[in-house]
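Encoded as structure tokens, the structure appears first; notes follow it.
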């Protein structure tokens, strides 16, 4: 039976948190890459469904603002028949180009890590 001491468990949890933060932009752009528009709550649901990563609105919205500032995504307000308007996000052409570069890097990184782990 494997026992992990508290210090190692804390270290691993912090590492996992950093990996999630470091890949969240990549995940969001991948979800948006096919041109479908998502509003915040749907995007959070899609991230959870695709990755099992729990993400809070307080994490997502600042990220979306940064991606918009960087020109990788854009947004628009859409009136709802009932309730308040929703902000829908979509990827831009610049976002698609950036995602391609990120995807190429990810493949190389994944291959390198796989080779190291053998």
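Where a number appears in this text, it was derived from the coordinates with a stated rule and is not lab data. Keep in mind it's a predicted model, so treat the numbers as computed, not measured. Note that we place each Cβ from the backbone using ideal geometry, even for glycine, and neighbour counts take in every protein chain shown.
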Which members of the stretch 57-69 meet the condition of being in contact with a helix residue (DSSP H, G or I) (Cβ under 8 Å, 6 or more places away or on another chain) and either exposed (fewer than 11 other Cβ atoms within 10 Å of the Cβ) or within 21 Å of residue 84 (Cβ to Cβ) (or both)? 57, 60, 61, 64
Return the residues of the stretch 22-56 that are without any contact (Cβ under 8 Å) to a residue 40 or more places away in the chain and loosely packed, with under 12 Cβ neighbours inside 10 Å; say none if nothing qualifies. 22, 34, 41, 49, 50, 52, 54, 56
Every pair of residues 6+ apart whose Cβ atoms lie under 7 Å, when the first sits in the stretch 75-100 and is on the phi > 0 side of the Ramachandran plot while the second is assigned to a strand (DSSP E or B) and surrounded by 11 or more Cβ atoms within 10 Å (Cβ to Cβ): none
How many residues does the stretch 58-75 hold that are farther than 17 Å from residue 44 by Cβ and in a strand (DSSP E or B)? 1
